[in-house]
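Novice: Questions regarding the structure given below will be posed in turn.
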Amino acid sequence: MQSVKYLIVILFIAISFSGCAKKSINIDVSDSKYQVKEQVKIDIKKINIENLSNNGEMKNTILGSDSIIPIVPETPTKKTVEDDIKDYFLTMEMLKSSNRVLKIIVKEADSYWTFSDVQKIPIVGLFAVGEKVTYGLNLKILFEVEEDGKVIKSYTFNDTIKIKNGNATQDDIIAGYKKLISQYREVFFNEIHNQFTKRYL
């Protein structure tokens with residue numbers, strides 16, 4: 001049974017590395033939408049979002065380090081992040097008489113899972129099929145408050161959100177992605193709310 005599972009994993013990875021993994025996966029992450037716990041009145045009249053992120057790059061290594069496999073959901077991770085940010089600020093009470101604009105630049109918002117070094121080793125990999133590997137979401141987002149066209153305040157969130165999950169099947173990948181998005185929403189928006197919105201706006 002273990003050998004069959006291992007062969008499935010190898011086949012799955014081989015398909016991924018051949019380029020077929022670029023086919024998108026339907027993953028519903030609506031059940032972990034961030035719920036704003038505190039509405040804030042902000043001295044902002046308008047919000048502009050510019051999304052410059054790509055979908056991440058595959059990094060295939062033989063031995064010595066984990067391979068990086070981008071997650072390609074039907075709704076790209078960068079689009080999910082952009083929509084989440086829009087939804088978050090829509091809950092805030094903006095000041096119509098303000099002369100300030102909030103500019104948000106999404107520089108990085110890509111997700112991935114790893115094919116571990118141990119899983120690549122024949123025979124040894126048989127025993128690593130059920131191991132949990134790293135899933136990550138790279139985030140680099142710049143917030144700028146502009147007044148009369150000049151930047152008066154800025155804040156950057158630059159971090160990689162990580163969780164652990166299995167990677168033996170597509171169902172594992174889906175579960176891992178959902179868990180990753182849930183974790184990012186909790187970490188990112190709690191920090192933005194307390195360290196940026198309440199202090200800078």
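Derivation of every value follows stated rules applied to the coordinates shown; laboratory data play no part. In this text the structure is predicted, and so the values were computed from the model without any measurement. Please note: Cβ atoms are built from the backbone with ideal geometry, for glycine as well, and neighbour counts cover all protein chains shown.
Novice: Could you pull out the pairs from Lys37/Lys164; Lys33/Lys164; Lys23/Lys46; Lys37/Lys107; Lys107/Lys132; Lys79/Lys198 whose alpha carbons sit more than 32 Å apart here?
Specialist: Lys23/Lys46
Novice: Let me ask another. Which distance in Å, rounded to a whole number, links the C-alpha centroids of the stretch 64-114 and the stretch 151-201?
Specialist: One Cα centre to the other: 9 Å.
Novice: Work out how much length Val151 to Glu38 would gain on full extension: take 0.36 nm times their residue separation and subtract the Cα-Cα distance, in nm to one decimal. Let's see the in-between values first.
Specialist: Working: separation 113, 0.36 × 113 = 40.68 nm, distance 2.64 nm.
Contour length minus the Cα-Cα distance gives 38.0 nm.
Novice: OK, next. Less than 9 Å Cβ to Cβ from Ile49, Lys/Arg counted +1 and Asp/Glu -1: what total charge do the surrounding residues give? Don't jump to the answer; show the numbers that get you there.
Specialist: On the way: positive: Lys86, Lys103; negative: Glu50, Glu82.
With Lys, Arg at +1 and Asp, Glu at -1, the neighbours total 0.
Novice: Given R₀ = 35 Å, what would the calculated FRET efficiency be for Thr169 paired with Asn51, taking r from the Cβ atoms and rounding to 0.05?
Specialist: Working: r = 31 Å, r/R0 = 0.89.
Efficiency computed from Cβ-Cβ geometry: 0.65.
Novice: Quick one: length gained pulling Leu90 to Ser30 fully straight, 0.36 nm per residue minus the C-alpha distance?
Specialist: Separation in residues times 0.36 nm, less the Cα-Cα distance, equals 19.9 nm.
Novice: Continuing with this model, one more query. Check which residues have an amide H placed less than 5 Å from Ile27's amide H, if you skip close sequence neighbours.
Specialist: Amide H to amide H, under 5 Å and 5 or more residues apart or across chains, Ile27 pairs with Glu74, Thr75.
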